[in-house]
Amino acid sequence: QVQLVESGGGLVQPGGSLRLSCAASGSIIRFIPAMTWYRQAAGKQRELVASITSGGSTEYADSVKGRFTITRDNAKNTVYLQMNSLKPEDTAVYYCNAQVTLVYGGKRNYWGQGTQVTVSS
């Protein structure tokens, strides 16, 4: 199996910062071409926050540009999301996703368990 373990969520004041981490592991992983952060706020659909390829190309949702930074450690199969200048509207459950090339040649997507980020006074 492939496991994605997330950490770093919590409660912060508006304007504060958090760093989320997501580490993928599993003996069947051959390569992870892309890792992505999504979030889902209460009553809303899941949306893409940021993504990064193995080559370092990044994409961000307009709502987080200039405030969030996605990085990746390919050697550790780990993706990070540095979140600065947090706003109440950033409150959501954040999920990481990994596109995985498997050792036998298949491709699958895997999801982390989600971590709650709450921005409130």
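The values are calculated or read from the model by the stated rules, or taken from the named source; none is laboratory data. Just so it is clear, the structure is predicted and the values come from calculations on it, not from any experiment. Don't worry about glycine lacking a Cβ; one is built from the backbone with ideal geometry, like all the others, and counts go over all protein chains shown. Ligands, DNA and RNA are excluded from the accessible area calculation, which covers all protein heavy atoms including side chains. Shrake-Rupley method; radii C 1.70, N 1.55, O 1.52, S 1.80 Å.
Given the options G16, G43, name the one that is assigned to a loop (DSSP other than H, G, I, E, B) and at positive phi. Testing whether each residue is assigned to a loop (DSSP other than H, G, I, E, B) and at positive phi leaves just G43.
Among the criteria (1) under 18 Å from Q116 (Cβ atoms); (2) under 13 Å from the mean Cα position of the chain (by Cα), the one L11 does not fulfil is (2).
Considering only strands (runs of 3 or more DSSP E) fully contained in segment 64-116, which possess at least 2 residues that are exposed (fewer than 13 other Cβ atoms within 10 Å of the Cβ), modelled with pLDDT of 95 or more and not hydrophobic (A, V, I, L, M, F, W, C)? Walk me through how you get there before you give the answer.
Values: elements: 68-73, 78-83, 92-102, 107-111.
Filter on segment 64-116 gives 107-111.
Of everything in segment 34-59 that's touching a residue at least 40 places away in the same chain (Cβ under 8 Å) and open to solvent by less than 20 Å² (accessible area, probe 1.4 Å), which residue is farthest from R72 (Cα to Cα)? Applying the filter and picking the extreme gives R39.
Mind listing whichever residues of segment 67-97 are among the charged types (D, E, K, R), within 30 Å of S27 (Cα to Cα) and touching a residue at least 12 places away in the same chain (Cβ under 8 Å)? Steps first, answer last, please.
Narrowing segment 67-97 to residues among the charged types (D, E, K, R): 67, 72-73, 76, 87, 89-90.
Next, from what is left, pick out any that are within 30 Å of S27 (Cα to Cα): 72-73, 76.
Passing the criteria: R72, K76.
Could you count how many residues in segment 1-33 are surrounded by fewer than 16 Cβ atoms within 10 Å (Cβ to Cβ), more than 18 Å from K87 (Cα to Cα) and of a type outside the set (S, T, Y)? Of the residues in segment 1-33, 8 are surrounded by fewer than 16 Cβ atoms within 10 Å (Cβ to Cβ), more than 18 Å from K87 (Cα to Cα) and of a type outside the set (S, T, Y).
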